[in-house]
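Data first, discussion second: the structure below is written as structure tokens.
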Amino acid sequence: MNYVIVDRGDPLSKQLAEQFHTLAAANGIHRNEEAPEIIISIGGDGTLLQAFHTYCDRIEDVAFIGVHTGHLGFYADWKADELEELVQMIAGQEPRIVRYPLAQIELETKEGTSTHLALNEFTIKGVDNTLVAQININDELFEMFRGDGIVVSTPSGSTAYNKSLGGALIHPSIESLQIAEIASINNRVYRTLGSSVVLPQHHHCDIISRKEQRLQLACDHLNMTRSDIIAIRCRVSEHKVSFARYRPFTFWNRVREAFLGYDVQ
Ligand code: NAP
Ligand code: MN
């Protein structure tokens, strides 16, 4: 078994990474930066997003494991004092592989189309003023949006930015994308639905922004400012992200622990 560690960079995460390397070497688990099968993220959910984007082009060949060094994470479910147990399990048993849907974002410009993946969400905002955009669903006009921005989230990202916007929490077994609004302006010209919309796996949406607008785009934590975008197509990716699970910790238990604070028995 080959592994690599991505850590948050703080002293505790770095120390845990060193501890993991020592334990792994003693248990016949090999450190391999080029061709890992397991990617261990030590830090928070943000660290796992970073790990995901680092190994995005090998997404079908890797499985992620998250160790949290802060509060419980959605992607990080092992505690700092459980490293030994985790290494024993990696060395001794086959994990259950849990696969979550991803969002595919196609950015169309005059020069061509670039494709990006998001684990949490894709975000679009205006840079200089409010965002003005037409939203099409399956190539038909759905609404004219004017406001701060639009967030298109995956099911596992539904507990992140999407939740702050009043979007629903979607179980990651439901292959879908959710479109949520950030502060839409509603009047006779610009009228949006107001509630968030969940698209199934075989649907797509296009966001066509008014020309000459500078846009702030983000795939998860990765931001870019662009002024060359003609249209953006969002759909459920044909790829999924894999997590290696050695013990059960269901999505609804994570939700309960993170947001309601009740302990899981
Ligand atoms: P950050 O500002 O540290 O992240 C914001 C918070 O979101 C952190 O507490 C992070 O957990 C948590 N988080 C990340 N993914 C999550 C998920 N799938 N479910 C529940 N909580 C999640 O920035 P970051 O760590 O680089 O994370 C980037 C993410 O921040 C974006 O993908 C977006 O979802 C989120 N965000 C949220 C808002 C908002 O709610 N108003 C605004 C901008 C961005 P950790 O502390 O464990 O990293
Ligand atoms: Mn963070």
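Observations
- Contour minus Cα-Cα distance for A25 and L141 (0.36 nm per residue): 36.1 nm
- Two-site label geometry, E238 and H203: point separation in nm, points 7 Å out along Cα→Cβ: 2.2
- In the chain, a dipole from Cβ-located charges (positive for Lys and Arg, negative for Asp and Glu) runs towards its positive end, and of P36, S176, G70 it is S176 whose Cα lies farthest in that direction.
- Added length on full extension, which subtracts the Cα-Cα distance from 0.36 nm per residue, I97 to M1: 33.1 nm
- Only lysine pairs 8 or more places apart, or on different chains, with alpha-carbon atoms under 20 angstrom apart are counted in the chain, and they number 4.
- Net charge over other residues, Cβ less than 14 angstrom from the Cβ of L16 (K, R count +1; D, E count -1): -4
- The packing ranking of peptides 80-89, 102-111, 25-34, 228-237, highest mean first, is 228-237, 102-111, 80-89, 25-34, where packing means the average number of other beta carbon atoms within 10 angstrom of each residue.
- Nonlocal amide H pairs with S41, under 5 Å, H built at 1.01 Å: V6, I65, G66, V67
- Placing dummy labels 7 Å off each Cα toward the beta-carbon, the span from N223 to E82 is 3.3 nm.
- Cα centroid separation, the stretch 138-204 to the stretch 37-101 (Å): 28
- Computed 3J(HN,Hα) for the stretch 185-196, one whole-Hz value per residue from the Karplus formula 6.51 cos²θ - 1.76 cosθ + 1.60 where θ = phi - 60°, is 9, 10, 8, 5, 8, 9, 9, 10, 5, x, 8, 7, glycine and proline marked x.
- Taking the charge dipole of the chain about its Cα centre, with +1 at Lys and Arg Cβ atoms and -1 at Asp and Glu Cβ atoms, the residue from G261, N129, L119 reaching farthest to the positive side is N129.
Each reported figure results from applying straightforward, stated rules to the coordinates on display, with no laboratory input. Everything numeric here is computed off the predicted structure, so don't read it as measured data. Virtual Cβ from ideal backbone geometry, glycine too; neighbours counted across all protein chains shown.
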